[in-house]
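The block underneath contains the structure these notes are about, expressed in structure tokens.
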Amino acid sequence: MPLEKELAFFEAKKSELLKTHAGKFALIHEEEFVDAFDTAENAYDAGVAKFGKAAFLVKKISDEPEVYRNQAFVLGLMNARI
Amino acid sequence: MPVFDFFHWDKDRGYTLAETGAILQVTVGIPPALEQFCLKSGVPIPAPVAGYALIDTGASASAVHEQVFADFGVQPIDHIPMSTPHTKDKFSFVYPAKIQFPGLNLVGDGTYRVVGCELKWTTFDNKEIIMLMGRDLLKYFLMVYNGVQSDVTLSY
């Protein structure tokens with residue numbers, strides 16, 4: 001699965017990152033924390049500058065995980081699948 | 001404060017807003033940073049994909065048909081859970097994209113985070129829906145949904 005290493009690394013380092021960079025966006029490539037940025041866009045731009053088209057993770061450093069909610073999917077109102 | 005009106009009407013069917021939902025034209029392209037990288041590397045820049053976005057006030061975030069990113073060769077940048085009871089333990093990838101709405105004169109060069117999903121379908125008049133415009137974008141707009149007149153007004 002894409003980003004498997006990066007996600008595992010993020011989870012392992014999350015409590016540490018929360019102490020120092022809460023609310024920012026972490027840029028992670030494989031098992032390396034590159035830096036934290038104020039916006040996801042800045043983190044992405046830095047990731048492309050450093051890693052080009054390779055996979056990297058841009059993850060919000062937060063206690064509350066980002067969750068995708070869609071009521072239409074819940075209610076079956078929409079012909080789409082995630 | 002520019003105001004844009006989207007009248008949903010068909011010559012054979014009349015008012016169509018209730019049938020299609022509130023839709024507007026959208027183009028989805030690779031993020032500007034990746035465009036620059038491709039330019040410098042001599043790699044062809046994939047052309048943006050044009051289609052329609054369905055305004056979806058029930059969606060917390062905007063979503064784009066995932067195959068679009070596979071065709072672009074754009075990698076996901078995050079993996080987030082879905083919260084719905086019917087999709088427990090399901091996750092979706094998040095992708096970076098340049099989103100533009102030609103009908104709103106919004107041609108900014110920002111990079112948006114959008115959720116990848118299996119979405120593509122067509123309306124009765126063959127308009128391809130490739131995006132759900134969720135509350136992450138709608139928070140920038142004033143919207144009037146006029147079901148009686150089959151009309152949607154957006155302003156920002």
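Throughout, read-outs are computed from the coordinates displayed, never taken from laboratory work. This structure is a prediction, so every number in the text was calculated from the model and none was measured. Positions of Cβ are generated from backbone atoms using ideal geometry, with glycine treated the same way; all protein chains shown enter the neighbour counts.
I need the full set of residues from region B:116-141 which are in a loop (DSSP other than H, G, I, E, B) and polar (S, T, N, Q), in order please. Walk me through it before giving the result.
Applying the first criterion (in a loop (DSSP other than H, G, I, E, B)) to region B:116-141 yields B:119-120, B:123-127, B:134, B:139-141.
Hits for region B:116-141 are B:123, B:126.
One line per residue, one yes/no per condition, for (1) without any contact (Cβ under 8 Å) to a residue 60 or more places away in the chain; (2) closer than 12 Å to residue B:113 by Cα; (3) buried (at least 17 other Cβ atoms within 10 Å of the Cβ); (4) touching a Lys or Arg at 6+ places or on another chain (Cβ under 9 Å):
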{"site": "B:64", "(1), (2), (3), (4)": "no, yes, yes, no"}
{"site": "B:71", "(1), (2), (3), (4)": "yes, no, no, no"}
{"site": "B:77", "(1), (2), (3), (4)": "yes, yes, yes, yes"}
{"site": "B:91", "(1), (2), (3), (4)": "yes, no, no, no"}
{"site": "B:96", "(1), (2), (3), (4)": "no, yes, yes, yes"}
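Considering each residue of region A:40-68, count those that are of a type outside the set (Phe, Trp, Tyr) and in contact with a helix residue (DSSP H, G or I) (Cβ under 9 Å, 6 or more places away or on another chain), and give that number. So that I can check it myself, show each step before the final result.
Initially, region A:40-68 is screened for residues of a type outside the set (Phe, Trp, Tyr), giving A:40-43, A:45-50, A:52-55, A:57-67.
Filter once more, so that each one left must be in contact with a helix residue (DSSP H, G or I) (Cβ under 9 Å, 6 or more places away or on another chain): A:41, A:45-49, A:52-55, A:57-63.
The qualifying residues number 17.
Determine whether region B:96-108 contains at least one residue that is within 14 Å of chain A (Cβ to nearest Cβ) and not in a strand (DSSP E or B). Give the derivation first.
At the first step, the residues of region B:96-108 found to be within 14 Å of chain A (Cβ to nearest Cβ) are B:96-99, B:108.
With the extra rule that they be not in a strand (DSSP E or B), the set shrinks to B:108.
Yes, that holds for at least one residue.
What strands (runs of 3 or more DSSP E) lie completely within region B:12-67 and have 2 or more residues being facing another protein chain (nearest Cβ under 10 Å)? Step through it out loud before you land on a result.
Numbers: elements: B:23-29, B:49-55, B:63-65.
Of the strands (runs of 3 or more DSSP E) lying wholly inside region B:12-67, those with at least 2 residues that are facing another protein chain (nearest Cβ under 10 Å) span B:63-65.
Total residues in region B:111-140 satisfying the condition of being without any contact (Cβ under 8 Å) to a residue 40 or more places away in the chain and within 10 Å of chain A (Cβ to nearest Cβ): the figure is 1. Scanning region A:17-70 for residues that are part of a helix (DSSP H, G or I), at the interface with chain B (Cβ under 10 Å from one of its Cβ atoms) and surrounded by 13 or more Cβ atoms within 10 Å (Cβ to Cβ) turns up A:40, A:41, A:42, A:43, A:44, A:45, A:46, A:47, A:48, A:51.
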